[in-house]
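S.K.: Structure provided below as structure tokens; questions to follow.
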């Protein structure tokens, strides 16, 4: 048998992307600025990581306006929610010392 770490999703595994995914897993949708401030990163770094997650099909980006101000909202797709659940399951296997089935 191989170690569970081999089952970790490399797209999610980067610390900033893991933080983004964890935040999005806890909500239906979140505004870009709120996520940026919560994860404590710059606009450009958040944009870069969101782009990676969006290309993987894990995050849905919706743009619109509040009054005359442009806004961007982020949400996990069903695929992203499943990938995050799988990722956290593997982390539990690693931290609890169990093996993959």
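S.K.: What's the number of the condition residue 62 fails, among (1) part of a strand (DSSP E or B); (2) touching a residue at least 24 places away in the same chain (Cβ under 8 Å); (3) in contact with a helix residue (DSSP H, G or I) (Cβ under 9 Å, 6 or more places away or on another chain)?
M.R.: (3)
S.K.: Here's another thing I want to ask about it. Out of the stretch 32-47, which residues are surrounded by 14 or more Cβ atoms within 10 Å (Cβ to Cβ) and either over 22 Å from residue 69 (Cβ atoms) or in contact with a strand residue (DSSP E or B) (Cβ under 7 Å, 6 or more places away or on another chain) (or both)?
M.R.: In the first step, residues of the stretch 32-47 are kept if they are surrounded by 14 or more Cβ atoms within 10 Å (Cβ to Cβ); the result is 32, 35-36, 39, 41, 46-47.
32, 35, listed by residue number.
S.K.: Out of the stretch 9-31, which residues are part of a loop (DSSP other than H, G, I, E, B), surrounded by fewer than 16 Cβ atoms within 10 Å (Cβ to Cβ) and in contact with a helix residue (DSSP H, G or I) (Cβ under 6 Å, 6 or more places away or on another chain)?
M.R.: Correct list: empty.
S.K.: Checking residue 77 against (1) surrounded by 13 or more Cβ atoms within 10 Å (Cβ to Cβ); (2) more than 14 Å from the chain's Cα centre (by Cα), which test does it fail?
M.R.: Residue 77 satisfies every listed condition except (2).
S.K.: I'm told residue 1 meets every condition in (1) at pLDDT below 95; (2) touching a helix residue (DSSP H, G or I) at 6+ places or on another chain (Cβ under 7 Å); (3) surrounded by fewer than 17 Cβ atoms within 10 Å (Cβ to Cβ) except one. Can you identify the failing condition by its number?
M.R.: (2)
S.K.: Which condition number does residue 41 fail, the rest of (1) touching a residue at least 40 places away in the same chain (Cβ under 8 Å); (2) more than 13 Å from the chain's Cα centre (by Cα); (3) over 26 Å from residue 4 (Cβ atoms) being met?
M.R.: Unmet condition: (1).
S.K.: Given the structure, is residue 59 over 30 Å from residue 2 (Cβ atoms), at pLDDT 95 or above and touching a strand residue (DSSP E or B) at 6+ places or on another chain (Cβ under 7 Å)?
M.R.: Numbers: over 30 Å from residue 2 (Cβ atoms): no; at pLDDT 95 or above: yes; touching a strand residue (DSSP E or B) at 6+ places or on another chain (Cβ under 7 Å): yes.
The answer is no for residue 59.
S.K.: Among the candidates 53, 46, 74, single out the residue that is part of a helix (DSSP H, G or I), touching a residue at least 24 places away in the same chain (Cβ under 8 Å) and over 30 Å from residue 2 (Cα atoms). Walk me through it before giving the result.
M.R.: Working: 53 fails: over 30 Å from residue 2 (Cα atoms); 74 fails: part of a helix (DSSP H, G or I).
Of 53, 46, 74, the one residue that is part of a helix (DSSP H, G or I), touching a residue at least 24 places away in the same chain (Cβ under 8 Å) and over 30 Å from residue 2 (Cα atoms) is 46.
The values are calculated or read from the model by the stated rules, or taken from the named source; none is laboratory data. Nothing here was measured: the structure is a model prediction, and the numbers come from that model. Ideal geometry is used to build each Cβ from the backbone, glycine not excepted, and the neighbour counts take in all protein chains shown.
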